[in-house]
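J.: My questions will all concern the structure given below.
The values are calculated or read from the model by the stated rules, or taken from the named source; none is laboratory data. For clarity, every value in this text was computed on a predicted model and none was experimentally measured. A quick note on method: Cβ atoms are made from the backbone with ideal geometry, for glycine too, and the neighbour counts reach across all protein chains shown.
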Amino acid sequence: MSDKDNFKRRQFLRVTGASALTAGIAGCSGNSGDGSDGGDGSDGEDGSDGGDGSDGELELPSSYPYGANENRIQDARAAMEEAGYGPDNRFSLDWLQYNSPAWEEIANTLRARLESVYIDMNISKADFGALLERTEKGEMDAFTLGWIADYPGIRNFTQLVDPDNTVYDAEGASPNGARLFWSEDSNTDPQVRSAMVEAFDEISGNPENTEEAASARGDATLRLEKLLWESAAMLPVYHSVEDRFWYDRVDYDPPGGMGVSRAKTSTSVQGLEGSSTLNGASATFNALDPIASGNTASGAKIMDMFDAPFNYVNGTVEVEPLLVEDYSTNDDLTEYEFTLKEGVQFHGDYGEVTADDVVYSIRRLVESSNSTNTYFPISVLNIDRETDEDGNVVPESVAVEATGDYTFSITLREPFGYALEVLSYSAFSAVPEGIVGDIEGYDGDMTFQEFSTNPVGCGPFVFDQWESGVGGEFRATAFEDYHGDAPAVENIQDAILSDPNAIYNRLLNENTDAGGIPTSQFDPGLIDLTSKDGAQQTGTYGPLENDKTINMSRTPTIDTFYVGFNMENVPKPVRKAMAYVMTRDDFVESVFKGRGESAYHLTPPQVFPGGGDGYANHWQGE
């Protein structure tokens, strides 16, 4: 490698923060470089740490306070009785969950336990799109959701519980956090809420790739996780693994720890025997516009039809330029200059991708009323901009500028060590300038609804058809003029399904070439994982009922699945009662059939201060 190439790689590692993340993402113990050494200053005894003085009189637990895999019914009953609940004063809790037999089994177990502590739990189910819509409107008391990393950093998870980022009905709000409605009027100690805001501000206010900033982020993360225990606003349940299954006819490279929704089919699928169409199954989704993508199902399809400036290589944490050919940055990582590849073509008759297209795309992400992802350019990247007296972004003031036909610049308000990772997120994908007239200065060729259901990008596949809802179908065709490696298949065809039996039967009948197996149909006894590459294991699964043994991969994903509460509806004693009866280890083993590990923190082990060891030491109070 030449001196110039060495310099470029060092620069790339510095900009992406990859040098600091390498050990933590690889699952190594010790200091991950994105926090502290895992020590939190506590003495390891039960009680509170309260001695660092950072929270004044606020005393926080020194270890997880609700018991590890213990069904503490007596403690749950005591918490409720202390708050005045009893046989004649019961609490009715509306529980909303994804349409999943596994989560339904957990819900029924919790309902049976909570019934004896004066809580009547009413269970309802929804497909993923409806679940997102209803939780945004606050139409529930408790709900189940998960978060898969957009970039492998602490802040990407802790932003979920930044109180202001959880209130979806505030005027002018564009939140992207958990649907906790942790407002000033919520059922929580105001001091805890204020301390949570301060902890998150400490995390977001120290973005630099320095030891001092990493230590500050780490200390604040440890404090934030304890505040989450204290509030019981969210109960992390488990961190999952992603199991993928495929028949021998597919030459398949399973995605890495960022998950299948961060991988392009053109990268994962290297060949397909006997057919030109890759068949699969998909959950429901609501939009195919990058600025309005709200779940992993739509995200995976946007990855195939659109390209962003950068890209996670097959769903791993490695970032590579995609639309960008070269870039430079100043020393404090606040000013970026990008050079696009020349000759990249949009689908249809929309011509070549230029800097004006990229600027328009990012402006839509920030300024459009249809954008559900403004959090990333504004609160995460913190792109410089002007705001009016109400705090709204002034149109055309966002500091993203075309400096030439193929060059553009982005100016941030403060340093941020994961800028290139964030620019790999599909919300930053390029769309043709002026195609939708939902920002100032453009009339648009089509409405938002038309574009969201008939999208135009520059990715490896061209949109063909989308019949929305359960029983519908999604189709895309390989783009002949794609600027990158040509897809190995001519077509993608996904059946949109929500019923686990239907999903499994589609695979069993060989109508799915590569996909997942719902937990309710999964049999751990059929696993034979014989190879390991880093954290990813590969082998076989079977025989199935069709007498076929298929290929399998298992990859620990950077995610957290949790139970959240509408804090404006649910009192703390009720939240604590559920925490006391949440037996995670039992649920992971018996309900999720070993497909994950128990979660005692919102922040996953891969990015937790101190890595996996720091994670375990913290919740155990060691």
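J.: Considering each of S282, S298, S275, S266 in turn, give the residue that is polar (S, T, N, Q) and within 24 Å of G534 (Cα to Cα).
T.: Just a single option satisfies the conditions, and that option is S266.
J.: How many of the residues making up region 333-358 are assigned to a helix (DSSP H, G or I) and either of a type in the set (K, R) or surrounded by fewer than 21 Cβ atoms within 10 Å (Cβ to Cβ) (or both)? Quick ask: steps written out before the conclusion?
T.: Taking region 333-358 first, the residues assigned to a helix (DSSP H, G or I) are 355-358.
From the residues that got through so far, the ones that are either of a type in the set (K, R) or surrounded by fewer than 21 Cβ atoms within 10 Å (Cβ to Cβ) (or both) too are 356.
The number of residues fulfilling the criteria is 1.
J.: Can you name the residue in region 56-95 that is over 29 Å from E597 (Cβ atoms) and hydrophobic (A, V, I, L, M, F, W, C) and is also modelled with the lowest pLDDT among such residues?
T.: Out of the qualifying residues, it is L58.
J.: Then there's this: Being loosely packed, with under 12 Cβ neighbours inside 10 Å and under 23 Å from L160 (Cα atoms) is the filter here, so list the residues in region 380-391 that pass it.
T.: Residue satisfying the conditions is G391 alone.
J.: Turning to a different aspect of this structure: Filter region 602-617 down to residues that are of a type in the set (A, V, I, L, M) and closer than 22 Å to A232 by Cβ and give me whichever is surrounded by the fewest Cβ atoms within 10 Å (Cβ to Cβ). Show your work before the answer.
T.: First pass over region 602-617, keeping only residues of a type in the set (A, V, I, L, M): 602, 607, 616.
Still in the running and closer than 22 Å to A232 by Cβ: 602, 616.
Details: L602: 22, A616: 17.
It comes out as A616.
J.: Now for a separate question. Within region 163-215, which residues are among the charged types (D, E, K, R) and over 21 Å from the mean Cα position of the chain (by Cα)?
T.: Correct list: D169, E171, E184, D185, D189, R193, E198, E202, E208, E211, E212.
J.: Next up: Quick one: would you say N546 is within 28 Å of R506 (Cβ to Cβ), assigned to a loop (DSSP other than H, G, I, E, B) and touching a residue at least 24 places away in the same chain (Cβ under 8 Å)?
T.: Here the answer is yes, as N546 does meet what is asked.
J.: Consider only pairs whose beta carbons are under 6 Å apart and that are at least six residues apart or on different chains; among these, list those whose first residue lies in region 121-142 and is farther than 19 Å from R111 by Cα and whose second residue is among the polar types (S, T, N, Q) and at pLDDT below 90.
T.: Within 6 Å, the pairs are D127/N99; D127/T284; D127/S498; F128/T284; F128/N295; G129/T284; G129/N286.
J.: Identify all residues within region 264-290 that are in contact with an Asp or Glu (Cβ under 9 Å, 6 or more places away or on another chain), under 30 Å from E367 (Cα atoms) and not polar (S, T, N, Q); write none if there are none.
T.: K264, A283
J.: Yes or no: region 309-323 includes at least one residue that is free of Cβ contacts under 8 Å to residues at least 24 places away in the same chain, assigned to a strand (DSSP E or B) and out of contact with any His (no Cβ under 8 Å at 6 or more places or on another chain).
T.: yes
J.: Can you tell me which residue in region 535-550 is surrounded by the fewest Cβ atoms within 10 Å (Cβ to Cβ), limited to those that are under 24 Å from G315 (Cβ atoms) and in contact with a Gly (Cβ under 8 Å, 6 or more places away or on another chain)? Explain how you work it out, then say what you get.
T.: To start, the set of residues in region 535-550 that are under 24 Å from G315 (Cβ atoms) comprises 535-541, 550.
Filter once more, so that each one left must be in contact with a Gly (Cβ under 8 Å, 6 or more places away or on another chain): 535-536, 550.
Details: A535: 16, Q536: 20, I550: 21.
Once the filter is applied, the top-ranked residue is A535.
J.: How many residues does region 91-128 hold that are more than 19 Å from V591 (Cβ to Cβ), in a strand (DSSP E or B) and of a type in the set (A, V, I, L, M)?
T.: Counting residues in region 91-128 that are more than 19 Å from V591 (Cβ to Cβ), in a strand (DSSP E or B) and of a type in the set (A, V, I, L, M) gives 3.
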